[in-house]
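Structure, as structure tokens:
The values are calculated or read from the model by the stated rules, or taken from the named source; none is laboratory data. Just so it is clear, the structure is predicted and the values come from calculations on it, not from any experiment. Neighbour counts run over all protein chains shown; Cβ positions are idealised from the backbone, glycine included.
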Amino acid sequence: MGKFWVIFVASISILLPFLCNSFSPETPTDRRVLVLLDDFAVKSSHSSYFNSLKLRGFDLDFKLADDPKIALQRYGQYLYDALILFCPSVERFGGSVDVAAIINFVDSGHDLIIAADVNASDLIREVATECGVDFDEDPSAMVIDHTGYAVSETEGDHTLIASDDFIKSDVIIGSKKIEAPVLFQGIGHSLNPVNSLVLKVLSASPSAYSANPLSKLSTPPLLTGSAISLVSVVQARNNARILITGSLSMFSNRFFRSGVQKSGSSTKYEKSGNEQFLTELSKWIFHERGHLKAVNVKHHKVGETDEPALYRINDELEYSVEIYEWSGTSWEPYVTDDVQVQFYMMSPYVLKTLSNDKKGLYSASFKVPDVYGVFQFKVEYQKLGYTSLSLSKQIPVRPYRHNEYERFIPTAYPYYGAAFSTMAGFFIFSFVHLYNK
Amino acid sequence: MPTNLNFEMARSLVGFTVLLLFLSICESASFFQPISDSHRSAAVELFSPDHGSFKSLEETYEALRTFDVLGIEKKPDVTATACRLVSETVGSSSSTLKDLFYALKANSIVKCKINDKAYQGIITRLNAAVDGASSLPDFYYSVGGLLLVKGSKGDVHLADADGIFRLVKAFRQSDGRWRFSSNSPESSAFAAGIALETLAGVVSFASPELDQSLISTLNSDISKLFDSIEKYDDGALYFDDKLVDGHDHQGPLATTSSVVRGLTVFAAVTDERLNIPSNKILGLANFFLGIGVPGDAKDLFNQMDSLACLESNRVSIPLILSLPSTVLSVTKEDSLQVNVNTVLGSNAPPLTVKLVGVFTSGSKAASLVESQELVFDDGTGMYNLNNLPKSIDVGSYTFVFEIVLHEPEHEKIYVTGGQKKVPIFASGLIKIENAEIAVLDSDLGSIETQKKLDLAGQNAVSLSANHLQKLRVSFKLTTPHGLAFKPHQALLKLRHESKVEHIFVVGNSGKQFEIVLNFLGLVEKFFYLSGRYDIELAVGDAVMENSLLRAIGHIELDLPEPPEKATRPPPQPVDPYSRYGPKAEITHIFRAPEKRPPKELSLAFLGLTFLPLLGFLIGLLRLGVNLKNFPSNTVPATFATLFHVSIGAVLSLYVLFWLKLDLFQTLKLLGFLGVILVLVGHRVLSHLAATSAKLKSA
């Protein structure tokens, strides 16, 4: 019995640091990452990418995708905060992992990176489809671009693409401009147009198309032009983030180090943009950027500090909220000029942009509309690349009380005067009437 | 954790076929390039000391060795700190055997000054370690250490070399693999490499007096070990340990590296020639080169150290044939250049490179050229074929090369790997002529409008057509040699204003490319969308240097109205930038206050309301009112006064009611005042009535 107790204490003390370091609403950065590989050679050939993650404090757990021991959760607790699927050709995951398990993992707010490649298995395609991304159905198709390829002495089939058509969002790909084009070699995908959560981060040039480079093209390719997405991201409604790309080699050391020259351009870059692009993107995926929280939602009448239980129509009120962005290590004030508050009852009665003090405090003051009922203060903040904020606070608004109306109306003075002069007349008349002789 | 990880790594073998795919993608050219400058810059980057020194002596040695192999100038501070670390370790008696071993190894590169006394101490320690060794690593470190001391000091002897040889050999397994210690059950190729290196050390201490039969059996063991070698599709060979729970499992690179190190060191000390096919050595070299530039310091060291071992081994030295460029321009008349180097990029012995044949990719036709020799250029050290054969037009080809060594005895030293197939892309400028776009009448096929296109420049044709007409786009493509050219990508794209796209493949007959779009048959495909369609033409191929994507112009289509059940065009993606962003502000419009007359007017009318009172008072004065009827007796006078005071109080109450009191307060007070008023009033009025009745009766 005593032995069991020792084992129990030991296992708790081993597990404790993991339990404390994991993802939580207070520290939204992922910590424990499961990396599933087809082959451990990828660990070495893509080590620059993994090292950049390790240096940022991630705890990478490398497993083979068909390892029978892999599991995402145990006893209802997720063992990892994020999953990297660098296993394009896996036909069946080992252990208890399957498509449903991965989707559940994402549905519970965890992050996912998927890298497919030529001949990607149906399993990986299925996972991608669940995320709103459709890879080219032709298993041997690759993205080919005869005018936007990367000039190379040894790659003549124009499947090595230099792309610089990035999404214009500082939060997703970092504020530092990516100068060099990104090398890509793999399969293209298209986005489901009705899915508003998936975004094209790196798109192919208009001259690109997706086809098998070795066979003759007899039917029009399914994917062409800038509709081809090379790298896409998804931010789910629960703020889980997913990165999907059709090229595993774009993460490789070789592409990270390789110089790049886009065809038709005379500029030759010493180093491709892959490292910067993918590192910055991973910061976004792992919630080191673009993760917002709103705290201290307050409202009160102008000149007061306490929050009233209800407002009267035409009251002047002040609304304030503090918004912070997670920087990977701490919460930093979030500064922008497009946060808006709504005073809402079935439809917004007031919609006002909040002004901020550059320290994360957003405030606005406005007059309560002269309509009574149960209103809500609503902040629905959605911005490209940021987690969405949805705050609402209910507050009733009452009309004037009977004694709150204006008391002495100048227009009515003649009526008052008439009444009082009659009263004065009556008073005098009472003397005259009674005592006149 | 590492145990667990290694355990998982062991399973990696299952997925190794997958690595083939990965390698073939990463290194899409199926030939291997020797070590280049990218390795040097990677080495400098990966082996960057933390605050001037490396984490451990092992890492220090790895860094020094890698720099040494790559010929990188050692930074003086690295050498100095390494020397300090080495002398600290060597001087202290508490340093571990492993640290001592790596200190000596690092010393063999940096050549620090170690005094004789320290050497004596080391020798004593190492000899004691050899005597007390019970596991393979113990032997490895101690024998290796002694060998290194011998290298720098000279007079070192190993007592009972024969016995130690037998002791080490006891770790041998029947399949050519070795065990780390006698009580660990599993055998590994990694251990085999270490064992070979140790035995090589023992042999070099006691070469002549050693029993040669021991070495011969070892030879057959090495052959057995090579039977378990594993193979990639592209010819790379490697070793890996199929251990399920070996705690020292290292992965294929470290394992292969260990075997290569052991093998080459052992081959260097024995007189006997090892019985290993030279192609296997070439396969191992291909494995190390195929890795490219590793991203990990340890991997880079393993790669570099193994390649350095292969560079000058006694079994066979691999020669690597590589091409600086496999994309050759026919138009620019690029010359074909071939490099033949050793793995580390140094010059090969005199040899001839032969172009055996050129084959069109994907076809089994006969060679396009005669077998010919390439010309060696002393300046660049490359073998050139100055002009591509005339029979080579644009396209993708497979060139087959063969290396022929000049000296017959070199055949035994070097391995070339026979014929070498290299995919070559011959690119060129394609001539585009007779580009035309025309609108045809459907029935007769007569041309309604026709415009010439200049596909090299800008075009902006504007056409219009209805559903009974046809659109024809045609052009002609010719290769530099005047032959027909069929590009991989010949697509015509029509894009409607609503961003619905339609793509057509332009077909060809010989040089002539033509596509005819019969709009009558396409109305359904076009979703009955009339309006402006932008036309784009994309012509491209891997070997076409002037691949193009041109906006030709637009066509105004007049299509019939869609029938009831026509399919709707698919939804188009929404621009993500417009989806978000602040909304327009909304301010509530308040009810306007009621209109009121100006205050002056109210005041004026207020004044007017007092006029009747004034008139009443003046009238009373004019009538000559008096108060003679006021009771003169004290009691009635008091009551009369009280009566009027209470009337005044009631009236004042009304004023107060107006000013501040509410109805309940007012009624309460009024009830009180009313009772007084009634009582007092009754007394006064009855008194007045009595007085007047008296008067009347009088």
Condition met for B:Phe605 (at the interface with chain A (Cβ under 7 Å from one of its Cβ atoms) and touching a helix residue (DSSP H, G or I) at 6+ places or on another chain (Cβ under 9 Å)): yes
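Please go through region B:504-539 and pick out each residue that is among the hydroxyl-bearing types (Ser, Thr, Tyr) and assigned to a strand (DSSP E or B).
Going residue by residue through region B:504-539, those that are among the hydroxyl-bearing types (Ser, Thr, Tyr) are B:509, B:528, B:530, B:533.
If the condition is that a residue be among the hydroxyl-bearing types (Ser, Thr, Tyr) and assigned to a strand (DSSP E or B), then B:Ser509, B:Tyr533 are the ones that fit.
Out of B:Val473, B:Val439, B:Val422, report the one residue that is part of a strand (DSSP E or B), within 14 Å of chain A (Cβ to nearest Cβ), touching a residue at least 12 places away in the same chain (Cβ under 8 Å) and touching a strand residue (DSSP E or B) at 6+ places or on another chain (Cβ under 7 Å). Write out each step before concluding.
Numbers: B:Val473 fails: within 14 Å of chain A (Cβ to nearest Cβ); B:Val439 fails: within 14 Å of chain A (Cβ to nearest Cβ).
B:Val422 is the lone residue from the list that is part of a strand (DSSP E or B), within 14 Å of chain A (Cβ to nearest Cβ), touching a residue at least 12 places away in the same chain (Cβ under 8 Å) and touching a strand residue (DSSP E or B) at 6+ places or on another chain (Cβ under 7 Å).
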Residue hits (region B:48-73; within 14 Å of chain A (Cβ to nearest Cβ) and either in a loop (DSSP other than H, G, I, E, B) or farther than 22 Å from B:Ser87 by Cβ (or both)) are B:Ser48
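I'm trying to understand the selection: among the residues of region B:372-388, which are out of contact with any Leu (no Cβ under 7 Å at 6 or more places or on another chain) and within 22 Å of B:His481 (Cβ to Cβ)?
The first filter runs over region B:372-388 and keeps only residues out of contact with any Leu (no Cβ under 7 Å at 6 or more places or on another chain), leaving B:373, B:375-382, B:386-387.
Those that are out of contact with any Leu (no Cβ under 7 Å at 6 or more places or on another chain) and within 22 Å of B:His481 (Cβ to Cβ): B:Asn386, B:Asn387.
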Subset of region A:127-158 (residues that are under 16 Å from A:Pro220 (Cβ atoms) and of a type in the set (Gly, Ala, Ser)): A:Ala141
Every residue from region B:673-698 that is exposed (fewer than 13 other Cβ atoms within 10 Å of the Cβ), among the hydrophobic types (A, V, I, L, M, F, W, C) and more than 14 Å from chain A (Cβ to nearest Cβ): B:Val675, B:Val678, B:Ala693, B:Ala698
Just give me the residues in region A:96-142 being within 27 Å of A:Phe58 (Cα to Cα), more than 25 Å from the chain's Cα centre (by Cα) and polar (S, T, N, Q), in sequence order. A:Ser96
Within region B:56-83, residues within 24 Å of B:Ala129 (Cβ to Cβ) and surrounded by fewer than 23 Cβ atoms within 10 Å (Cβ to Cβ) come out as B:Ser56, B:Glu58, B:Glu59, B:Arg65, B:Cys83
Take region B:521-569 and flag every residue that is closer than 21 Å to A:Lys262 by Cα and touching a Phe, Trp or Tyr at 6+ places or on another chain (Cβ under 7 Å). B:Ala542, B:Val543
Give just the number: which of (1) away from chain A (no Cβ under 13 Å); (2) within 30 Å of B:Tyr397 (Cβ to Cβ); (3) touching a residue at least 12 places away in the same chain (Cβ under 8 Å) does B:Tyr533 not satisfy? (2)
Specify which of the listed residues (A:Tyr372, A:Tyr319, A:Tyr344) is aromatic (Phe, Trp, Tyr), over 22 Å from A:Gly174 (Cβ atoms), more than 26 Å from the chain's Cα centre (by Cα) and not assigned by the TED database to the domain that holds A:Ser196. A:Tyr372
Residues that are out of contact with any helix residue (DSSP H, G or I) (no Cβ under 9 Å at 6 or more places or on another chain): find the strands (runs of 3 or more DSSP E) completely inside region A:71-146 holding 3 or more of those. A:142-145
Looking only at region B:540-562, count every residue that is outside any strand (DSSP E or B) and within 14 Å of chain A (Cβ to nearest Cβ) and tell me the total. 6
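State whether one or more residues within region B:586-598 are surrounded by 10 or more Cβ atoms within 10 Å (Cβ to Cβ), in a helix (DSSP H, G or I) and more than 7 Å from every other protein chain (Cβ to nearest Cβ). Before the answer, list the steps.
Of the residues in region B:586-598, the ones surrounded by 10 or more Cβ atoms within 10 Å (Cβ to Cβ) are B:586-588, B:590-591, B:596-598.
Of the ones still in play, those that are also in a helix (DSSP H, G or I) are none.
No, region B:586-598 contains no residue that is surrounded by 10 or more Cβ atoms within 10 Å (Cβ to Cβ), in a helix (DSSP H, G or I) and more than 7 Å from every other protein chain (Cβ to nearest Cβ).
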Only one of (1) modelled with pLDDT under 90; (2) closer than 24 Å to A:Phe256 by Cα is not met by A:Ser196, so which one is it? (2)
Of all residues making up region B:314-337, the number that are more than 14 Å from every other protein chain (Cβ to nearest Cβ) and surrounded by fewer than 20 Cβ atoms within 10 Å (Cβ to Cβ): 3
Conditions (1) assigned to a helix (DSSP H, G or I); (2) within 11 Å of chain A (Cβ to nearest Cβ); (3) free of Cβ contacts under 8 Å to residues at least 24 places away in the same chain: number failed by B:Val625: (1)
Count, please, the residues in region A:318-355 that happen to be among the acidic types (Asp, Glu) and either surrounded by fewer than 18 Cβ atoms within 10 Å (Cβ to Cβ) or at the interface with chain B (Cβ under 10 Å from one of its Cβ atoms) (or both). 4
Pick from region A:186-205, criterion in contact with an Asp or Glu (Cβ under 8 Å, 6 or more places away or on another chain) and not aliphatic (A, V, I, L, M), ranking: farthest from A:Ala128 (Cα to Cα): A:Ser205
What single numbered condition from (1) touching a residue at least 60 places away in the same chain (Cβ under 8 Å); (2) surrounded by 13 or more Cβ atoms within 10 Å (Cβ to Cβ) fails to hold for B:Pro570? (2)
Residues in region B:480-502: is at least one touching a residue at least 60 places away in the same chain (Cβ under 8 Å), within 14 Å of another protein chain (Cβ to nearest Cβ), crowded, with 20+ Cβ neighbours inside 10 Å and hydrophobic (A, V, I, L, M, F, W, C)? yes
Which one of these is away from every other protein chain (no Cβ under 14 Å), over 34 Å from the mean Cα position of the chain (by Cα), β-branched (Val, Ile, Thr) and buried (at least 20 other Cβ atoms within 10 Å of the Cβ): B:Val356, B:Val265? B:Val265
Might you let me know whether region A:172-191 holds any residue that is closer than 20 Å to B:Lys499 by Cβ, in a loop (DSSP other than H, G, I, E, B) and either in contact with a Ser or Thr (Cβ under 9 Å, 6 or more places away or on another chain) or in contact (Cβ under 8 Å) with a residue 60 or more places away in the chain (or both)? yes
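Being under 28 Å from the mean Cα position of the chain (by Cα) and surrounded by fewer than 20 Cβ atoms within 10 Å (Cβ to Cβ) is true for just one of A:Lys301, A:Lys358. Which residue is that? Quick ask: steps written out before the conclusion?
On the way: A:Lys301 fails: under 28 Å from the mean Cα position of the chain (by Cα).
The conditions single out A:Lys358.
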Output the residue which, of all residues in region A:48-60 that are under 17 Å from A:Arg257 (Cβ atoms), buried (at least 21 other Cβ atoms within 10 Å of the Cβ) and touching a residue at least 40 places away in the same chain (Cβ under 8 Å), is nearest to the other protein chains (Cβ to nearest Cβ). A:Ser48
Going by what's in this entry, would A:Leu248 be described as closer than 30 Å to A:Lys383 by Cα and either within 23 Å of the chain's Cα centre (by Cα) or more than 14 Å from chain B (Cβ to nearest Cβ) (or both)? no
